[in-house]
Protein chains: 2
Amino acid sequence: MSMEAIRPKAPPPPIALAEFEQRCEHARALMAQAQLDAMLICTELNVRYFTGFSTQFWTSPTRPWFFVLPRWGRPFAVIPEIGQENFLQTSWVEDLLTWPSPRPDDEGVSLVVDALKAIPRTFGRVGMEFGTETHLRIPVNDFRRIASALPQVTFADAVPLIRRLRNLKSPAEVARIRYVGQLVCDVFDGMPAWAKAGMTEREVVRRFQAEAILRGADRAPYMIARSGNPGPENIIMGPTDKVIAPGDVFILDTGCQYDGYFCDFDRNVAFGKPTDSAKRAYVTIWQATEEAIKAVRPGSKVSDVWRAMNKVVEAAGATNAGVGRMGHGLGLALTEWPSLMAGDDQVIEPNMVLTIEPGMEFAPNALMVHEENLLVTPDGPELLTRRAPPELPVIK
Amino acid sequence: MSMEAIRPKAPPPPIALAEFEQRCEHARALMAQAQLDAMLICTELNVRYFTGFSTQFWTSPTRPWFFVLPRWGRPFAVIPEIGQENFLQTSWVEDLLTWPSPRPDDEGVSLVVDALKAIPRTFGRVGMEFGTETHLRIPVNDFRRIASALPQVTFADAVPLIRRLRNLKSPAEVARIRYVGQLVCDVFDGMPAWAKAGMTEREVVRRFQAEAILRGADRAPYMIARSGNPGPENIIMGPTDKVIAPGDVFILDTGCQYDGYFCDFDRNVAFGKPTDSAKRAYVTIWQATEEAIKAVRPGSKVSDVWRAMNKVVEAAGATNAGVGRMGHGLGLALTEWPSLMAGDDQVIEPNMVLTIEPGMEFAPNALMVHEENLLVTPDGPELLTRRAPPELPVIK
């Protein structure tokens, strides 16, 4: 197919600036209970979440970008001056402190310290991203400098608060996940026209990535792809130069991005005639997915959904795929809280977006994993991906 | 052009496992001087650098992956059990501790604590990635748990040591940067056949990304693209829906990856007839690049190279582009130490890979930036990208 012939469908409109402001208002409303005088945000996803600002400069580790949300007073950013103009063009936040970066001896540190000093202190606590599934984007040395210059401040974990907000997606966020999920479904639908046994796993993945981008994905960073007979032996590594042979089952588990938001789902296809064990495993896991979708409703726990899947897998006499969970939250990150597993009792609420991802080892070193993405609505789940067919698709 | 017609050239062979082991030996040889009993490595790039293990699971923030290099005794990894088999297949490191992840209450923490307790103590210091241009990949809460369980250990910055190693690239590393740089040059060379005024910036970028992937890039994550007349007004944001008009100068600054390694360079083209000011600015910046390439030799400082560029820019009466530096290191990260700027006096040595990136504002809100990638050899620089033409290329 010619590259010119593949064009994106119309993407969702930009997220309104007022939405980012509203997220900050929601955060602020939770800060008193969390006993935080301010939040100091340093990661790409949360700076974007609260301000609307995004830049590919995050790819470079040289420069930090900070956002400060005080409980009282106006929020402001502390960013390298190279980003000033674009920040003001794209964010609702109007107050900025900048410095000429790179400046390794003081990479925004003194500006952040002085700004935090000026914030009214009620609790003496500033929230940062310290908790589960987060990282410290600034160098530890810089964090230590900030903390030691502010002995009167306790830096505390703001992740429970942020998680509370990010768990519930807005219509604009859902529209992005749906958009990228649907366009990746389109790529999967087209695969039988070009994928065939004899190609390597890498060749299939390159073509897939290129098509996803031509159809509207901004990035196609997560591309787990393996083939094997009766099934792939793992689902954690990327594609290899292995030639796909007749009888192989091929899994492609992909996270593609549009405007910051991910889809994360997979499809399994057989090239040529699959084994009966693979066909049975596919039906089992498809059925486990079906049971999970039925189990997703407001008021249930995510562990209930896990149990619905695990019951089907166990009834088939299989061991699970060793992934440790069977789905997770989805949004700005490829995987977000919660985890669909026995120990996670988070209650399901409308506007959560989840992946449903049951898996099993159906023969020695042969795995079968399915994954779909859905939105929780007051009436139950709404699929954001198009449901995989109930029987193992075959590419002749 | 049909997608099938675009195929990768032969990539470099895999990096030998012995090379990863050698890196650890080099690190170990520097640890006594740095007074470190061990290093605790938690970031994707450095775990990969020392062990050879890579997994796309780093895209998910759920699971941490640790590598411990003791000064005495065998190195080992502490990783989620989902990664065990693949770790053993792909890394030279044979010792592993694993846990079933996700397990948010103890995500590898107690294993790391117990393992560090067992390491012979000479200095009472364990090195971590704390310094400039790094981040803490594990949650701060988990780092605090580790540190408070080991009051007898001082966690110290190992970045100077790591920087020393990573600054000097092996032939296998250089081969990767060259491979991806050359294939991206091929994409640029093909642009006149398909890019034209009337396309949006996004359309050009999508096609470019798709071609880069079909030609062999694993990812095309960094795609700064802007157009404007007489020149683009910034070089920090991604492409927009702006239609490229006749007379526009279009810049594409791209970081693509192969097997973990980046290229990072740009090209400027005019669509239709550019202004004289743009043509002059192009020649000025091309000349600044030329002077910088001449100035790159072992024994010089990176600030000398910056001065060679700045002199040309200032002689043209221009202000610089506000980037704060005119190039940087390149490798596993899109940007690495050092920075080519007035204040960075790192001495240039053979086997460093640098980007040369002069820029200027040549008219109000109109920028011109060039970028090339080169390897330092004992005899001077060797370009890893194909040199841009000396006059502004025009696409009719």
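Things to note:
- Verdict on B:Phe67 being crowded, with 18+ Cβ neighbours inside 10 Å and either within 14 Å of chain A (Cβ to nearest Cβ) or touching a strand residue (DSSP E or B) at 6+ places or on another chain (Cβ under 9 Å) (or both): yes
- Residues in region A:102-125 that are out of contact with any helix residue (DSSP H, G or I) (no Cβ under 6 Å at 6 or more places or on another chain) and of a type in the set (A, V, I, L, M) were compared, and the one that is surrounded by the fewest Cβ atoms within 10 Å (Cβ to Cβ) is A:Ala118.
- Residues that are facing another protein chain (nearest Cβ under 8 Å) and surrounded by fewer than 17 Cβ atoms within 10 Å (Cβ to Cβ) within region A:75-89 comprise A:Glu81, A:Glu85, listed in sequence order.
- If you go through region A:342-396 and keep only what is out of contact with any strand residue (DSSP E or B) (no Cβ under 7 Å at 6 or more places or on another chain), among the acidic types (Asp, Glu) and either under 19 Å from A:Ala316 (Cβ atoms) or surrounded by 18 or more Cβ atoms within 10 Å (Cβ to Cβ) (or both), you end up with just A:Glu391.
- Number of residues in region A:7-43 that are surrounded by fewer than 21 Cβ atoms within 10 Å (Cβ to Cβ) and within 12 Å of chain B (Cβ to nearest Cβ): the value is 6.
- Of the strands (runs of 3 or more DSSP E) that lie entirely inside region A:286-386, those containing 3 or more residues that are closer than 24 Å to A:Thr132 by Cβ span A:327-329, A:336-339, A:353-356, A:372-377.
- Selection status of B:Glu107, farther than 20 Å from A:Glu336 by Cβ, within 12 Å of chain A (Cβ to nearest Cβ) and acidic (Asp, Glu): no
- Extreme residue, nearest to B:Ala342 (Cα to Cα), among residues of region A:90-101 that are more than 26 Å from the chain's Cα centre (by Cα), within 14 Å of chain B (Cβ to nearest Cβ) and surrounded by fewer than 23 Cβ atoms within 10 Å (Cβ to Cβ): A:Pro100
- Consider region B:196-208 and keep the residues that are of a type in the set (D, E, K, R) and surrounded by fewer than 23 Cβ atoms within 10 Å (Cβ to Cβ). The one that is farthest from B:Pro239 (Cα to Cα) is B:Lys196.
- Complete set of residues in region B:10-25 that are touching a strand residue (DSSP E or B) at 6+ places or on another chain (Cβ under 8 Å) and not in a loop (DSSP other than H, G, I, E, B): B:Cys24
- So B:Tyr258, is it among the aromatic types (Phe, Trp, Tyr) and closer than 21 Å to A:Pro239 by Cβ: yes
- Subset of region A:148-166 [touching a residue at least 60 places away in the same chain (Cβ under 8 Å) and under 14 Å from A:Phe50 (Cα atoms)]: A:Ala158, A:Leu161, A:Ile162, A:Arg163, A:Arg164, A:Leu165, A:Arg166
- Selection count where residues are touching a residue at least 24 places away in the same chain (Cβ under 8 Å) and acidic (Asp, Glu), scope region A:373-391: 1
- Residue count, region A:188-212 (criterion: facing chain B (nearest Cβ under 10 Å) and not hydrophobic (A, V, I, L, M, F, W, C)): 6
For (1) under 29 Å from A:Pro14 (Cα atoms); (2) of a type in the set (Ser, Thr, Tyr); (3) in contact with a Gly (Cβ under 9 Å, 6 or more places away or on another chain); (4) at pLDDT below 95, each residue gets a yes or a no:
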| position | (1), (2), (3), (4) |
| --- | --- |
| A:Ser60 | yes, yes, yes, no |
| A:Arg71 | yes, no, no, no |
| A:Pro75 | yes, no, no, no |
| A:Ile79 | yes, no, yes, no |
| A:Val93 | yes, no, yes, no |
| A:Leu111 | no, no, no, no |
| A:Val126 | no, no, no, no |
| A:Phe130 | no, no, no, no |
| A:Val140 | no, no, yes, no |
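- Verdict on A:Glu4 being outside any loop (DSSP other than H, G, I, E, B), without any contact (Cβ under 8 Å) to a residue 40 or more places away in the chain and under 30 Å from B:Ala193 (Cβ atoms): yes
- Qualifying positions in region B:94-134 - aliphatic (A, V, I, L, M) and either free of Cβ contacts under 8 Å to residues at least 60 places away in the same chain or in contact with a His (Cβ under 9 Å, 6 or more places away or on another chain) (or both): B:Leu96, B:Leu97, B:Val109, B:Leu111, B:Val113, B:Ala115, B:Ala118
- Taking first residues from region A:190-203 that are in contact (Cβ under 8 Å) with a residue 40 or more places away in the chain and partners that are among the polar types (S, T, N, Q), the Cβ contacts under 6 Å between residues at least 6 apart in sequence or on separate chains come to A:Glu201/A:Ser227; A:Glu201/A:Thr240.
- Qualifying residue in region A:20-36 (condition: modelled with pLDDT of 95 or more, more than 17 Å from A:Met128 (Cβ to Cβ), acidic (Asp, Glu) and over 21 Å from the mean Cα position of the chain (by Cα)): yes
- Filtered residues of region A:213-235 (kept if within 11 Å of chain B (Cβ to nearest Cβ) and either among the small types (Gly, Ala, Ser) or at positive phi (or both)): A:Gly216, A:Ala217, A:Ala220, A:Ala225
- If you filter region B:115-128 down to residues that are part of a helix (DSSP H, G or I) and within 27 Å of B:Gln22 (Cβ to Cβ), you find that the one that is farthest from the other protein chains (Cβ to nearest Cβ) is B:Ala115.
- Within region A:312-353, being touching a residue at least 40 places away in the same chain (Cβ under 8 Å) and away from every other protein chain (no Cβ under 14 Å) holds for A:Val312, A:Val313, A:Ala316, A:Ala318, A:Val347, A:Ile348, A:Glu349, A:Pro350, A:Asn351, A:Met352, A:Val353.
- Residue list for region B:236-284, filter: basic (Lys, Arg) and more than 14 Å from chain A (Cβ to nearest Cβ): B:Arg267, B:Lys273, B:Lys279, B:Arg280
- Evaluation of A:Asn86 against (1) of a type outside the set (Ser, Thr, Tyr); (2) touching a Pro at 6+ places or on another chain (Cβ under 6 Å); (3) at pLDDT below 95; (4) closer than 26 Å to B:Met341 by Cα (one fails), failing number: (2)
- Within region B:174-185, residues that are in the same structural domain as B:Thr254 (by TED's automatic domain parsing) have Cβ atoms under 6 Å from residues that are in a helix (DSSP H, G or I) in these pairs: B:Val184/B:Ala212, counting only partners at least 6 apart in sequence or on another chain.
- Out of A:Gly238, A:Gly190, sole residue that is at pLDDT below 95 and among the small types (Gly, Ala, Ser): A:Gly238
- Residue selected from region A:144-195 under the condition of a type in the set (Lys, Arg) and more than 26 Å from A:Glu372 (Cβ to Cβ), by the criterion surrounded by the most Cβ atoms within 10 Å (Cβ to Cβ): A:Arg145
- Considering B:Gly317, B:Gly331, B:Gly343, B:Gly324, the condition of being in the same structural domain as B:Pro389 (by TED's automatic domain parsing), under 19 Å from the mean Cα position of the chain (by Cα) and at pLDDT below 95 is satisfied by B:Gly324 alone.
The values are calculated or read from the model by the stated rules, or taken from the named source; none is laboratory data. Just so it is clear, the structure is predicted and the values come from calculations on it, not from any experiment. Every residue, glycine among them, receives a Cβ derived from its backbone with ideal geometry; neighbour counts consider all protein chains shown.
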